[in-house]
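Input: a single structure, listed below in structure tokens.
Please treat every number below as a calculation from the coordinates, not as lab data. Computed from a predicted model, the values in this text were never measured in an experiment. Note that each Cβ is placed from the backbone with ideal geometry, even for glycine, and that neighbours are counted across all protein chains shown.
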Amino acid sequence: MRSPAGRPARSRALSYAARMDDASLRNRIEALVAEERTLHEREQADAEQPSEEPLQADRERLSQISVELDQSWDLLRQRRARRDAGENPDEAQARDVNTVEKYLQ
């Protein structure tokens with residue numbers, strides 16, 4: 001994924017996730033999952049009355065949500081691991097899209 005300037009794209013999650021605590025990250029994850037569910041439901045309804053433009057916009061947003069979820073879960077795991085290791089969880093950093101998207105699920 002590339003930004004308009006040709007640099008690797010960074011999702012919105014990176015811009016604020018590093019400042020989030022665990023509770024805020026969990027809330028963000030829940031909100032993204034709810035939005036994802038809504039988009040999937042709308043996509044199913046749109047399939048019955050096809051219109052390509054809204055479907056394409058929904059697909060693009062679903063892709064963005066997927067990346068944000070991966071980054072948010074990764075950051076939450078980092079924070080927990082740091083805490084368990086006796087380190088400062090606030091030093092955990094959101095990783096770039098290319099890193100989190102290459103993890104094996």
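Details
- For the range 79-105, the tally of residues that are buried (at least 17 other Cβ atoms within 10 Å of the Cβ) and outside any loop (DSSP other than H, G, I, E, B) stands at 4.
- Residue that is nearest to Thr99 (Cα to Cα), among those in the range 40-72 that are among the hydrophobic types (A, V, I, L, M, F, W, C) and crowded, with 17+ Cβ neighbours inside 10 Å: Val67
- Scanning the range 67-105 for residues that are closer than 22 Å to Ala34 by Cα and without any contact (Cβ under 8 Å) to a residue 12 or more places away in the chain yields Arg77, Gln105.
- Scanning the range 46-99 for residues that are within 15 Å of the chain's Cα centre (by Cα), within 18 Å of Asn27 (Cα to Cα) and basic (Lys, Arg) yields one hit, Arg77.
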